[in-house]
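Shown next, in structure tokens, is the structure this report addresses.
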Amino acid sequence: MIADSLVQQTFLAAAAVFVLLAVVMFYRAVVGPTLQDRVLAVNVIGTNTVVVLALLSVGLETPALIDVALIYALLNFLMAIAISKFAVDRGGVL
Amino acid sequence: MTGTLVFAVIVGALLLGVFFTLVSTVGVLRLPDVYTRAHTASQVDTLGAGFAVAAVAIALGLQAKSIQALLLLVFIFVTNPTAAHAIARAAHENDLTPWTEGDDATGGDRS
């Protein structure tokens, strides 16, 4: 049997790696070179944030963070769709 | 308390999730144009996030919150490729030409 604290620390370590990868992804969001590159990078950062929230719900024993992750995933999807729809001239996407 | 086998499954899923997200990050940083980056972000990143959320669902065990985690997994699997597709299509509508092998030796608009 494995103690609960070891499981929690495993999830916290995984969350730390995900945060590190999201920070690295900021390079693409800043450099671009096109608008779509930036939207894509922010979308990936948002997905990483959702995963980090889900991991922290176990790592910090705060199950309510799962709800936050669900809402964040919704808003992240809406952001990507809205920007890619309104960034084209005649709104031809979707 | 968690069983040793369950813990091994959790660690394996977390390692796979971290690995695929690392591959996705390297791809988005290194690939030459927006279409190839959208390809990486839609597929590999979805798989990495799916493994990590599956580890969360396993760790929560049999309760209502783990069903929510599974719903989150399904939602990520549906929406992430859709968003990447919309972004790639917006790039196409804005007349961005895909990078081809002949563009230059180091690769398109990589910067």
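Bear in mind that the values in this text are calculations on the coordinates, not laboratory data. What you see is a predicted model, and the numbers here were worked out from it, not measured in a lab. All Cβ positions, glycine included, derive from the backbone under ideal geometry; neighbour counts span all protein chains shown.
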**Message:** Just want the ordering: B:THR40, B:THR21, B:THR100, A:THR49, from fewest to most Cβ atoms lying within 10 Å of their own Cβ.
**Reply:** B:THR100, A:THR49, B:THR40, B:THR21
**Prompt:** Starting at 0 and stepping by 5 Å, how many percent of the alpha carbon pairs of the protein assembly as shown end up in each bin?
**Reply:** 1, 8, 16, 19, 18, 13, 9, 7, 4, 3, 1, 0
**Complete:** Taking every residue of A:74-86, the Cβ atoms of other protein chains inside 10 Å of its Cβ average out to 4
**Prompt:** Helix B:64-93 versus the longest principal axis of chain B: what angle, 0 to 90°, nearest 10, using Cα atoms?
**Reply:** 0
**Prompt:** Label B:VAL74 and A:LEU6 with points 7 Å out from Cα along Cα→Cβ: what is the distance between them in nm?
**Reply:** 3.4
**Fewest-first sequence of A:ARG38, A:ARG28 by Cβ atoms within 10 Å of each Cβ** = A:ARG38, A:ARG28
**Exposure proxy order (Cβ contacts within 10 Å, fewest to most) of A:GLU61, B:GLU93** = A:GLU61, B:GLU93
**Request:** Using Cα pairs closer than 8 Å and at least 6 residues apart in sequence, work out the relative contact order for region B:4-93, in percent.
**Result:** 33
**Message:** Quick check: the distance between the Cα centres of region B:22-86 and region A:1-25, to the nearest angstrom?
**Reply:** 17
**Asked** What does the highest-first list of B:77-88, B:42-53 look like by mean Cβ count within 10 Å?
**Response** B:42-53, B:77-88
**Item:** Selected from A:VAL23, A:VAL31, A:VAL68 as most flexible by GNM, with chain A as the system and alpha-carbon contacts under 10 Å
**Value:** A:VAL31
